[in-house]
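Have a look at the structure below, then the notes.
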Amino acid sequence: MVYIRKVESVFEVIAEPNRRAILSLLVSSQQSVGEIERELRMSQPAVSKHLRVLREAGFVESTVDAQRRLYRLNPEPLQELDAWLAPFRRFWSAHVDALERHLDRLEQTTPTKRKTRKRRRGPNREGKNGETK
């Protein structure tokens, strides 16, 4: 039951689009609040609020560098989410594989139709009497 509550809280945290955007930024490198503000065009109070939620949920960690605080991604909660999603991936993978096999069988049994081209008469083409139009 504790695991289910923890997963639910993970979903609650990442349900917010701005938090997902912040996490996406932090995948590549650590960022300061100011860098996140500029990149996402959000106000400083909004960025700070989302970072606080992400920090309390364990998604991000921070360090102090001179007068600024740098945030970096903590992958642990995402690993828990990935583990929870694994059975669903296997389920969909099996169904997608079955669909692919079905489509392959259909492609092998269905004769390919030849496209027939209708001749069009246009400029600089011969008409009925061999005249150039």
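The values are calculated or read from the model by the stated rules, or taken from the named source; none is laboratory data. Since we're looking at a predicted model, the values are computed, not measured. For neighbour counting, all protein chains shown are included, and Cβ atoms are generated from backbone atoms with ideal geometry for every residue, glycine included.
Observations on the structure shown:
- Here Arg114 passes the criteria (1) at pLDDT below 85; (2) surrounded by 10 or more Cβ atoms within 10 Å (Cβ to Cβ) except the one numbered (2).
- Residues in the range 38-52 that are out of contact with any strand residue (DSSP E or B) (no Cβ under 9 Å at 6 or more places or on another chain), part of a helix (DSSP H, G or I) and under 14 Å from Ala21 (Cβ atoms): 6 in all.
- Among (1) touching a residue at least 24 places away in the same chain (Cβ under 8 Å); (2) of a type in the set (A, V, I, L, M, F, W, C); (3) exposed (fewer than 10 other Cβ atoms within 10 Å of the Cβ), the one test that Val47 misses: (3)
- When Leu25, Leu70 are checked against the criterion of being farther than 19 Å from Val13 by Cβ and surrounded by 11 or more Cβ atoms within 10 Å (Cβ to Cβ), a single residue qualifies: Leu70.
To keep it simple, each residue is scored yes or no on (1) at pLDDT 80 or above; (2) basic (Lys, Arg); (3) touching a His at 6+ places or on another chain (Cβ under 9 Å); (4) more than 30 Å from Arg19 (Cβ to Cβ).
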| position | (1), (2), (3), (4) |
| --- | --- |
| Ser62 | yes, no, no, no |
| Phe88 | yes, no, no, no |
| Trp92 | yes, no, no, no |
| Arg101 | yes, yes, no, yes |
| Glu107 | yes, no, no, yes |
| Pro123 | no, no, no, yes |
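- Residue in the range 57-72 that is of a type outside the set (Ser, Thr, Tyr), touching an Asp or Glu at 6+ places or on another chain (Cβ under 8 Å) and assigned to a strand (DSSP E or B) present: yes
- Test set (1) in contact with a Ser or Thr (Cβ under 9 Å, 6 or more places away or on another chain); (2) assigned to a helix (DSSP H, G or I) - Ala83 fails condition number: (1)
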